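Take a look at the structure below.
The values are calculated or read from the model by the stated rules, or taken from the named source; none is laboratory data. From a predicted model like this one, the values you see are computed outputs, not experimental measurements. Cβ atoms come from the backbone with ideal geometry, glycine included; neighbour counts cover every protein chain shown. The protein model used for the area step is the full one, side chains on, heavy atoms only, and it has no ligands, DNA or RNA in it. Shrake-Rupley method; radii C 1.70, N 1.55, O 1.52, S 1.80 Å.
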Amino acid sequence: MGLFARIRKEWFIIGIVLVILSAKVHPSFGVRGGPLKPEVTVSYVAVSLIFFNSGLSLKTEELTSALLHVRLHLFVQSFTLVFFPVSVWLLLRVLALSSIDQWLLQGLQTVSCMPPPVSSAVILTKAVGGNEAAAIFNSAFGSFLGIVVTPLLLLLFLGSSSSVPFSSIFSQLFMTVVVPLILGQACRRFLRDFLDRRKPPFGAVSSCVLLMIIYTTFCDTFSNPTIELEPSSLLSIVLIIFLIQMGFMMLTFTFSTRSNSSFSPADTVAIMFCSTHKSLTLGIPMLKIVFAGFEHLSLISVPLLIYHPVQILLGSVLVPSIRAWMTSRQKAHYLDAV
(Lines give C-alpha, C1' and ligand atoms only; values in the text may rest on other atoms or scores of the structure.)
Protein backbone atom coordinates (compact mmCIF):
# COMPACT_ATOMS: atom_id res chain seq x y z
CA MET A 1 0.00 0.00 0.00
CA GLY A 2 1.41 3.39 -1.03
CA LEU A 3 1.94 6.33 1.28
CA PHE A 4 -1.07 8.30 0.02
CA ALA A 5 -3.31 5.25 0.19
CA ARG A 6 -2.20 4.64 3.76
CA ILE A 7 -2.82 8.28 4.69
CA ARG A 8 -6.26 8.14 3.10
CA LYS A 9 -7.12 4.99 5.03
CA GLU A 10 -5.82 6.24 8.38
CA TRP A 11 -6.72 9.91 7.94
CA PHE A 12 -8.83 10.04 11.08
CA ILE A 13 -6.06 8.79 13.40
CA ILE A 14 -3.59 11.14 11.68
CA GLY A 15 -6.11 13.94 12.15
CA ILE A 16 -6.35 13.18 15.87
CA VAL A 17 -2.57 13.51 16.24
CA LEU A 18 -2.54 16.77 14.28
CA VAL A 19 -5.36 18.43 16.24
CA ILE A 20 -3.73 17.44 19.55
CA LEU A 21 -0.43 18.93 18.41
CA SER A 22 -2.25 22.06 17.26
CA ALA A 23 -3.97 22.34 20.63
CA LYS A 24 -0.61 22.00 22.38
CA VAL A 25 1.02 24.69 20.24
CA HIS A 26 -1.82 27.22 20.40
CA PRO A 27 -4.46 26.20 22.99
CA SER A 28 -5.88 29.69 23.45
CA PHE A 29 -7.65 29.51 20.07
CA GLY A 30 -9.97 26.69 21.08
CA VAL A 31 -10.49 27.28 24.80
CA ARG A 32 -13.81 28.31 26.26
CA GLY A 33 -14.19 32.01 25.52
CA GLY A 34 -11.49 31.88 22.83
CA PRO A 35 -11.83 32.86 19.15
CA LEU A 36 -13.36 29.47 18.23
CA LYS A 37 -16.06 29.90 20.91
CA PRO A 38 -16.42 26.16 21.71
CA GLU A 39 -19.15 26.94 24.26
CA VAL A 40 -21.28 27.67 21.18
CA THR A 41 -19.61 26.01 18.20
CA VAL A 42 -19.02 22.71 20.04
CA SER A 43 -21.63 22.55 22.80
CA TYR A 44 -24.43 23.52 20.43
CA VAL A 45 -23.44 23.59 16.74
CA ALA A 46 -21.08 20.59 16.59
CA VAL A 47 -23.20 18.31 18.77
CA SER A 48 -26.36 19.36 16.91
CA LEU A 49 -24.66 18.71 13.56
CA ILE A 50 -23.64 15.23 14.66
CA PHE A 51 -27.20 14.28 15.60
CA PHE A 52 -28.73 15.98 12.57
CA ASN A 53 -26.26 14.03 10.43
CA SER A 54 -27.22 10.83 12.23
CA GLY A 55 -30.91 11.55 11.81
CA LEU A 56 -30.41 12.25 8.11
CA SER A 57 -28.36 9.09 7.50
CA LEU A 58 -30.24 6.66 9.73
CA LYS A 59 -33.11 4.70 8.25
CA THR A 60 -36.27 5.31 10.27
CA GLU A 61 -37.04 1.61 10.53
CA GLU A 62 -33.61 1.01 12.10
CA LEU A 63 -34.22 3.67 14.76
CA THR A 64 -37.68 2.26 15.45
CA SER A 65 -36.15 -1.18 15.85
CA ALA A 66 -33.56 0.24 18.26
CA LEU A 67 -36.27 1.76 20.45
CA LEU A 68 -37.66 -1.72 21.02
CA HIS A 69 -34.30 -3.26 21.94
CA VAL A 70 -35.12 -2.90 25.64
CA ARG A 71 -32.66 -5.53 26.89
CA LEU A 72 -29.71 -3.73 25.28
CA HIS A 73 -30.78 -0.35 26.66
CA LEU A 74 -31.25 -1.81 30.14
CA PHE A 75 -27.77 -3.35 30.01
CA VAL A 76 -26.09 -0.11 28.90
CA GLN A 77 -27.86 2.21 31.34
CA SER A 78 -27.47 -0.17 34.29
CA PHE A 79 -23.76 -0.60 33.58
CA THR A 80 -23.17 3.12 33.06
CA LEU A 81 -25.13 4.58 35.96
CA VAL A 82 -25.12 1.74 38.51
CA PHE A 83 -22.33 -0.81 38.04
CA PHE A 84 -19.69 1.74 36.94
CA PRO A 85 -20.00 4.14 39.92
CA VAL A 86 -20.35 1.34 42.49
CA SER A 87 -17.27 -0.47 41.10
CA VAL A 88 -15.18 2.70 41.19
CA TRP A 89 -16.36 3.41 44.74
CA LEU A 90 -15.11 -0.03 45.80
CA LEU A 91 -11.83 0.53 43.94
CA LEU A 92 -11.33 3.84 45.73
CA ARG A 93 -11.61 2.09 49.10
CA VAL A 94 -8.35 0.36 48.15
CA LEU A 95 -6.69 3.33 46.43
CA ALA A 96 -7.36 5.50 49.49
CA LEU A 97 -4.54 3.57 51.16
CA SER A 98 -2.08 4.79 48.52
CA SER A 99 -0.25 8.12 48.29
CA ILE A 100 -2.36 9.34 45.34
CA ASP A 101 -3.87 12.79 45.89
CA GLN A 102 -7.26 12.30 47.57
CA TRP A 103 -8.96 14.98 45.45
CA LEU A 104 -7.87 13.25 42.26
CA LEU A 105 -9.37 10.06 43.64
CA GLN A 106 -12.58 11.98 44.34
CA GLY A 107 -12.41 13.08 40.71
CA LEU A 108 -12.38 9.44 39.60
CA GLN A 109 -15.64 8.99 41.47
CA THR A 110 -17.18 11.96 39.66
CA VAL A 111 -16.14 10.44 36.32
CA SER A 112 -17.98 7.22 37.20
CA CYS A 113 -21.19 9.16 37.87
CA MET A 114 -21.28 10.84 34.46
CA PRO A 115 -23.75 9.88 31.71
CA PRO A 116 -22.59 8.63 28.29
CA PRO A 117 -21.44 11.29 25.79
CA VAL A 118 -23.66 12.61 23.03
CA SER A 119 -21.03 12.34 20.32
CA SER A 120 -17.98 10.07 20.57
CA ALA A 121 -19.79 6.79 21.37
CA VAL A 122 -22.11 7.30 18.38
CA ILE A 123 -19.33 8.20 15.96
CA LEU A 124 -17.02 5.35 17.02
CA THR A 125 -19.89 2.88 16.79
CA LYS A 126 -20.64 4.18 13.29
CA ALA A 127 -16.95 4.02 12.33
CA VAL A 128 -16.83 0.34 13.25
CA GLY A 129 -20.14 -0.40 11.54
CA GLY A 130 -21.93 -1.32 14.77
CA ASN A 131 -25.53 -0.73 15.81
CA GLU A 132 -25.59 3.03 15.33
CA ALA A 133 -29.30 3.28 16.07
CA ALA A 134 -28.80 1.67 19.49
CA ALA A 135 -25.81 3.93 20.18
CA ILE A 136 -27.85 7.04 19.31
CA PHE A 137 -30.74 5.97 21.50
CA ASN A 138 -28.55 5.14 24.49
CA SER A 139 -26.42 8.27 24.16
CA ALA A 140 -29.51 10.46 24.01
CA PHE A 141 -31.52 8.58 26.64
CA GLY A 142 -28.49 8.23 28.93
CA SER A 143 -27.85 11.97 28.71
CA PHE A 144 -31.44 12.78 29.65
CA LEU A 145 -31.36 10.20 32.44
CA GLY A 146 -28.05 11.64 33.60
CA ILE A 147 -29.64 15.07 34.10
CA VAL A 148 -31.40 13.61 37.13
CA VAL A 149 -29.27 10.60 38.07
CA THR A 150 -25.76 12.14 37.80
CA PRO A 151 -26.32 14.99 40.30
CA LEU A 152 -27.94 12.51 42.69
CA LEU A 153 -24.95 10.16 42.36
CA LEU A 154 -22.54 13.05 42.94
CA LEU A 155 -24.45 14.01 46.06
CA LEU A 156 -24.53 10.40 47.23
CA PHE A 157 -20.81 9.68 46.78
CA LEU A 158 -19.27 13.12 47.38
CA GLY A 159 -21.90 15.24 49.04
CA SER A 160 -23.02 18.80 48.26
CA SER A 161 -25.80 21.15 49.32
CA SER A 162 -26.02 22.96 45.99
CA SER A 163 -29.18 22.89 43.95
CA VAL A 164 -29.07 21.81 40.34
CA PRO A 165 -31.01 23.70 37.61
CA PHE A 166 -32.43 20.62 35.88
CA SER A 167 -34.60 22.67 33.54
CA SER A 168 -31.71 24.55 31.86
CA ILE A 169 -29.64 21.38 31.33
CA PHE A 170 -32.70 19.53 30.03
CA SER A 171 -33.45 22.37 27.61
CA GLN A 172 -29.91 22.29 26.21
CA LEU A 173 -30.02 18.53 25.70
CA PHE A 174 -33.41 18.76 24.05
CA MET A 175 -32.22 21.45 21.64
CA THR A 176 -28.87 19.81 20.76
CA VAL A 177 -29.87 16.14 20.66
CA VAL A 178 -33.59 15.52 20.19
CA VAL A 179 -34.49 18.42 17.89
CA PRO A 180 -31.59 17.89 15.40
CA LEU A 181 -32.29 14.15 15.30
CA ILE A 182 -35.98 14.73 14.55
CA LEU A 183 -35.12 17.36 11.93
CA GLY A 184 -32.67 14.96 10.30
CA GLN A 185 -35.32 12.26 10.14
CA ALA A 186 -37.87 14.74 8.76
CA CYS A 187 -35.46 15.87 6.02
CA ARG A 188 -34.71 12.26 5.17
CA ARG A 189 -38.39 11.67 4.31
CA PHE A 190 -38.08 14.25 1.50
CA LEU A 191 -34.50 13.40 0.45
CA ARG A 192 -34.60 9.60 0.71
CA ASP A 193 -34.22 8.91 -3.02
CA PHE A 194 -31.44 11.48 -3.39
CA LEU A 195 -29.55 10.11 -0.37
CA ASP A 196 -29.87 6.50 -1.53
CA ARG A 197 -28.65 7.47 -5.00
CA ARG A 198 -25.76 9.79 -4.07
CA LYS A 199 -24.75 8.17 -0.74
CA PRO A 200 -23.17 11.27 0.91
CA PRO A 201 -20.12 10.67 3.18
CA PHE A 202 -22.01 10.88 6.46
CA GLY A 203 -19.25 9.08 8.35
CA ALA A 204 -16.55 11.48 7.16
CA VAL A 205 -18.65 14.50 8.13
CA SER A 206 -19.17 13.17 11.65
CA SER A 207 -15.48 12.31 11.97
CA CYS A 208 -14.47 15.85 11.00
CA VAL A 209 -16.84 17.27 13.60
CA LEU A 210 -15.34 14.91 16.19
CA LEU A 211 -11.86 16.20 15.33
CA MET A 212 -13.08 19.68 16.20
CA ILE A 213 -14.43 18.40 19.52
CA ILE A 214 -11.11 16.65 20.25
CA TYR A 215 -9.21 19.86 19.43
CA THR A 216 -11.24 22.03 21.78
CA THR A 217 -11.08 19.34 24.49
CA PHE A 218 -7.29 19.31 24.38
CA CYS A 219 -7.17 23.10 24.22
CA ASP A 220 -9.03 23.17 27.53
CA THR A 221 -6.74 20.47 28.92
CA PHE A 222 -3.53 22.26 27.92
CA SER A 223 -4.87 25.65 29.05
CA ASN A 224 -6.06 24.43 32.43
CA PRO A 225 -4.58 26.62 35.19
CA THR A 226 -1.55 25.13 36.90
CA ILE A 227 -2.67 22.79 39.66
CA GLU A 228 -0.41 21.95 42.56
CA LEU A 229 -0.14 18.16 42.57
CA GLU A 230 2.59 15.58 42.47
CA PRO A 231 3.50 14.28 38.99
CA SER A 232 3.40 10.75 40.39
CA SER A 233 -0.26 11.21 41.41
CA LEU A 234 -1.16 12.53 37.96
CA LEU A 235 0.63 9.67 36.19
CA SER A 236 -1.08 7.18 38.50
CA ILE A 237 -4.49 8.63 37.64
CA VAL A 238 -3.75 8.43 33.89
CA LEU A 239 -2.75 4.77 34.27
CA ILE A 240 -5.79 3.96 36.41
CA ILE A 241 -8.12 5.62 33.90
CA PHE A 242 -6.58 3.63 31.05
CA LEU A 243 -6.91 0.38 33.01
CA ILE A 244 -10.52 1.16 33.98
CA GLN A 245 -11.49 1.80 30.37
CA MET A 246 -9.74 -1.30 29.05
CA GLY A 247 -11.10 -3.44 31.88
CA PHE A 248 -14.68 -2.27 31.46
CA MET A 249 -14.54 -2.62 27.67
CA MET A 250 -13.34 -6.21 28.08
CA LEU A 251 -16.05 -6.82 30.69
CA THR A 252 -18.87 -5.50 28.50
CA PHE A 253 -17.46 -7.44 25.54
CA THR A 254 -17.38 -10.67 27.57
CA PHE A 255 -20.92 -10.28 28.91
CA SER A 256 -22.45 -9.24 25.58
CA THR A 257 -20.85 -12.07 23.59
CA ARG A 258 -21.93 -14.92 25.87
CA SER A 259 -23.78 -17.69 24.06
CA ASN A 260 -27.04 -16.87 25.84
CA SER A 261 -26.78 -13.08 25.57
CA SER A 262 -28.79 -12.79 22.30
CA PHE A 263 -26.78 -9.68 21.33
CA SER A 264 -25.49 -9.43 17.76
CA PRO A 265 -21.86 -8.39 17.01
CA ALA A 266 -23.18 -4.94 16.01
CA ASP A 267 -24.99 -4.71 19.35
CA THR A 268 -21.78 -5.60 21.19
CA VAL A 269 -19.96 -2.68 19.54
CA ALA A 270 -22.63 -0.20 20.68
CA ILE A 271 -22.61 -1.70 24.18
CA MET A 272 -18.81 -1.45 24.52
CA PHE A 273 -18.67 2.24 23.58
CA CYS A 274 -21.88 3.48 25.20
CA SER A 275 -21.31 1.66 28.50
CA THR A 276 -17.72 2.82 29.04
CA HIS A 277 -17.66 6.37 27.63
CA LYS A 278 -18.38 9.38 29.83
CA SER A 279 -19.55 12.86 28.87
CA LEU A 280 -17.22 15.83 29.34
CA THR A 281 -19.71 18.22 27.73
CA LEU A 282 -22.29 17.49 30.42
CA GLY A 283 -19.80 16.56 33.14
CA ILE A 284 -17.86 19.79 33.60
CA PRO A 285 -20.98 22.03 33.80
CA MET A 286 -22.55 19.62 36.28
CA LEU A 287 -19.44 19.63 38.48
CA LYS A 288 -19.34 23.43 38.43
CA ILE A 289 -23.01 23.56 39.38
CA VAL A 290 -23.04 20.88 42.08
CA PHE A 291 -19.71 21.95 43.62
CA ALA A 292 -19.94 25.68 43.04
CA GLY A 293 -17.44 27.56 45.18
CA PHE A 294 -15.63 24.39 46.28
CA GLU A 295 -11.91 25.15 46.55
CA HIS A 296 -10.79 21.75 45.25
CA LEU A 297 -13.11 21.76 42.21
CA SER A 298 -10.19 22.12 39.78
CA LEU A 299 -8.50 18.99 41.18
CA ILE A 300 -11.74 17.02 41.14
CA SER A 301 -12.22 18.00 37.48
CA VAL A 302 -8.79 16.71 36.34
CA PRO A 303 -9.73 12.99 35.98
CA LEU A 304 -12.72 13.89 33.78
CA LEU A 305 -10.49 16.11 31.61
CA ILE A 306 -8.16 13.11 31.23
CA TYR A 307 -10.87 10.48 30.79
CA HIS A 308 -12.53 12.17 27.82
CA PRO A 309 -9.54 12.36 25.45
CA VAL A 310 -8.33 8.93 26.57
CA GLN A 311 -11.67 7.32 25.67
CA ILE A 312 -11.59 8.92 22.23
CA LEU A 313 -7.96 7.98 21.57
CA LEU A 314 -8.37 4.43 22.88
CA GLY A 315 -11.60 3.95 20.95
CA SER A 316 -10.06 5.27 17.74
CA VAL A 317 -7.05 2.98 18.05
CA LEU A 318 -9.30 -0.04 18.65
CA VAL A 319 -11.63 0.72 15.72
CA PRO A 320 -9.74 -1.45 13.14
CA SER A 321 -9.50 -4.42 15.52
CA ILE A 322 -13.14 -4.23 16.60
CA ARG A 323 -14.26 -3.82 12.97
CA ALA A 324 -12.24 -6.89 11.94
CA TRP A 325 -13.76 -8.93 14.79
CA MET A 326 -17.32 -7.84 13.94
CA THR A 327 -16.84 -8.59 10.23
CA SER A 328 -15.47 -12.07 10.95
CA ARG A 329 -18.36 -12.84 13.32
CA GLN A 330 -20.93 -11.65 10.79
CA LYS A 331 -19.32 -13.78 8.06
CA ALA A 332 -19.28 -16.82 10.32
CA HIS A 333 -22.96 -16.26 11.16
CA TYR A 334 -23.78 -15.94 7.43
CA LEU A 335 -21.93 -19.16 6.57
CA ASP A 336 -23.67 -21.03 9.39
CA ALA A 337 -27.02 -19.79 8.13
CA VAL A 338 -26.21 -20.95 4.58
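Annotation: Ala324 fulfils all but one of (1) of a type in the set (A, V, I, L, M, F, W, C); (2) at pLDDT 75 or above; (3) more than 30 Å from Phe144 (Cα to Cα); (4) not in a helix (DSSP H, G or I); the unmet one is (4).
Between Phe79, Phe137, the distinction of being touching a residue at least 24 places away in the same chain (Cβ under 8 Å), touching a His at 6+ places or on another chain (Cβ under 7 Å), open to solvent by 10 Å² or more (accessible area, probe 1.4 Å) and within 30 Å of Ser328 (Cβ to Cβ) belongs to Phe137 only. Every listed requirement among (1) modelled with pLDDT of 85 or more; (2) more than 25 Å from Gly15 (Cα to Cα); (3) open to solvent by 20 Å² or more (accessible area, probe 1.4 Å); (4) not basic (Lys, Arg) is met by Leu239 save one, (2).
Suppose we filter Leu145, Leu97, Leu155, Leu92 for residues that are open to solvent by 30 Å² or more (accessible area, probe 1.4 Å), without any contact (Cβ under 8 Å) to a residue 60 or more places away in the chain and either part of a helix (DSSP H, G or I) or over 28 Å from Pro200 (Cα atoms) (or both); which single one remains? Quick ask: steps written out before the conclusion?
Values: Leu145 fails: without any contact (Cβ under 8 Å) to a residue 60 or more places away in the chain; Leu155 fails: without any contact (Cβ under 8 Å) to a residue 60 or more places away in the chain; Leu92 fails: open to solvent by 30 Å² or more (accessible area, probe 1.4 Å).
After ruling out the rest, the residue left standing is Leu97.
Only one of Val302, Val269, Val317, Val310 is assigned to a helix (DSSP H, G or I) and at pLDDT 90 or above; which? Don't jump to the end; show me each part of the working.
Values: Val302 fails: at pLDDT 90 or above; Val317 fails: at pLDDT 90 or above; Val310 fails: at pLDDT 90 or above.
Matching residue, one of Val302, Val269, Val317, Val310: Val269.
Within segment 23-53, the set of residues being over 21 Å from the mean Cα position of the chain (by Cα) and of a type in the set (Gly, Ala, Ser) comprises Ser28, Gly33, Gly34.
Does Arg188 fit the bill of being of a type in the set (D, E, K, R) and touching a helix residue (DSSP H, G or I) at 6+ places or on another chain (Cβ under 9 Å)? Judged against the criteria, Arg188 is a match.
Per the listing Ser43, Ser57, the residue uniquely closer than 16 Å to Leu211 by Cα, crowded, with 19+ Cβ neighbours inside 10 Å and hydroxyl-bearing (Ser, Thr, Tyr) is Ser43.
Of all the criteria given as (1) farther than 22 Å from Leu21 by Cα; (2) at pLDDT 80 or above; (3) surrounded by 14 or more Cβ atoms within 10 Å (Cβ to Cβ); (4) of a type in the set (Ser, Thr, Tyr), the one not satisfied by Ser160 is (2).
Do you know which of the residues in segment 307-323 that are β-branched (Val, Ile, Thr) and closer than 14 Å to Pro117 by Cβ is farthest from the chain's Cα centre (by Cα)?
Of the residues in segment 307-323, the ones β-branched (Val, Ile, Thr) are 310, 312, 317, 319, 322.
Add one more test, that the residue is closer than 14 Å to Pro117 by Cβ, and what stays is 310, 312.
Numbers: Val310: 10, Ile312: 7 Å.
The extreme case among them is Val310.
I need the full set of residues from segment 104-129 which are over 16 Å from Leu211 (Cβ atoms) and either of a type in the set (Phe, Trp, Tyr) or at pLDDT below 85 (or both), in order please. Result: Val118, single match.
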